1. Among the residues of region 57-64, is any more than 27 Å from Pro5 (Cβ to Cβ), modelled with pLDDT under 95, out of contact with any Pro (no Cβ under 6 Å at 6 or more places or on another chain) and not aliphatic (A, V, I, L, M)?
2. Can you tell me which residues in region 185-225 are buried (at least 20 other Cβ atoms within 10 Å of the Cβ) and at pLDDT below 95?
3. Sort out which residues of region 143-155 are in contact (Cβ under 8 Å) with a residue 40 or more places away in the chain and part of a helix (DSSP H, G or I), and write them in order of number.
4. Could you tell me which numbered condition Gln84 fails, if it satisfies all but one of (1) modelled with pLDDT of 90 or more; (2) out of contact with any Asp or Glu (no Cβ under 8 Å at 6 or more places or on another chain)?
5. Is one or more of the residues making up region 248-267 modelled with pLDDT of 95 or more, in contact with a Ser or Thr (Cβ under 8 Å, 6 or more places away or on another chain), away from the ligand (no atom under 16 Å from the Cβ) and among the aliphatic types (A, V, I, L, M)?
6. What single numbered condition from (1) in contact (Cβ under 8 Å) with a residue 60 or more places away in the chain; (2) not in a helix (DSSP H, G or I) fails to hold for Gln161?
7. Here is a list of conditions, (1) of a type in the set (Gly, Ala, Ser); (2) assigned to a loop (DSSP other than H, G, I, E, B); (3) buried (at least 21 other Cβ atoms within 10 Å of the Cβ), and Ser37 meets all of them except one; can you say which number that is?
Amino acid sequence: MPELPEVETIARGLAQNLTGDVIESVWLGNKPEPLKSPPGEIVSTLEQACIAGVRRVGKHIVVDLSRGSSRRSPAASRRKKQAQWIVHLGMTGRLLIAQPDVAVAKHTHAILRLRPGKELRFVDPRRFGRLAVVRHGFEAPGSEPLSVGFEVFAGLFRKRQTPIKSALLNQSLLSGIGNIYADESLFRAGVRPRRRAASLTRAELQRLYLAVREVLNEAIAAGGSSVSDYVDSNGDAGFFQFQHRVYGREDEPCLVCRTPIKRIVIAGRSAHYCPKCQK
Ligand SMILES: [Zn+2]
């Protein structure tokens, strides 16, 4: 499942490849699950819009759309200018840039035909991905982990009795942190995943704040090299350059102290930690 660094990398690749393109027409498949907005609304919002930019908000890909200026109705034009296409990749969703003569893959749910003579295709075998359009600006529910200030970050966990790992995964607090990067951040901060969020000291919160940013930025940097493969080909290129220190390393020696890494389950999700390095 793509996490924040993967989505950031994909969004950057799409921005490079698509900014300035005009969506000439839209084809939508007949499976209802991927469409979070009414199909007619998706089509009318996308068709003839120009892709003004692509960026990540939380774990969503936000495609900013513009329609240029309209003399007829400046107000309508302003509204249109704010329209956005929101893509959530779910478990297996991919956005592929393809030449029109390339065969359409199975499980393709949307095809955007673009003016330079290429297509953007949304493919998703398991159909947990979602496509939506919004007209008034998209906002993720939680704070953005790469730009939130320390005081706001620390305030998110004050008085919260859930395990810190669950709090990190709570998308209404921080937007976009998934299982892998929560485990990796807690390891670097030296904090056990089961600790009550409210029990973290200010020093621990400061370490965690820095660790989250460090982990995400490293993963984004590692993913950057494979982005063109990801969006141009069938998308099998992974993001494996990022070295996990605890995630998925149960019983393997800690890279710092050689103690075997432990795996526990918190609220149905696995958590990995070093019992010696993390308190
Ligand atoms: Zn250790």
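The values are calculated or read from the model by the stated rules, or taken from the named source; none is laboratory data. Owing to the predicted nature of the structure, the values given are computational and were not obtained by experimental measurement. Positions of Cβ are generated from backbone atoms using ideal geometry, with glycine treated the same way; all protein chains shown enter the neighbour counts.
1. Within region 57-64, not a single residue is more than 27 Å from Pro5 (Cβ to Cβ), modelled with pLDDT under 95, out of contact with any Pro (no Cβ under 6 Å at 6 or more places or on another chain) and not aliphatic (A, V, I, L, M).
2. Residues satisfying the conditions are Val215, Leu216, Ala219, Ile220, Gly223.
3. Phe150, Phe153, Ala154
4. Result: Gln84 passes all but (2).
5. Looking through region 248-267, at least one residue is modelled with pLDDT of 95 or more, in contact with a Ser or Thr (Cβ under 8 Å, 6 or more places away or on another chain), away from the ligand (no atom under 16 Å from the Cβ) and among the aliphatic types (A, V, I, L, M).
6. Of (1) in contact (Cβ under 8 Å) with a residue 60 or more places away in the chain; (2) not in a helix (DSSP H, G or I), only one is false for Gln161: (1).
7. That leaves (3) as the condition not met.
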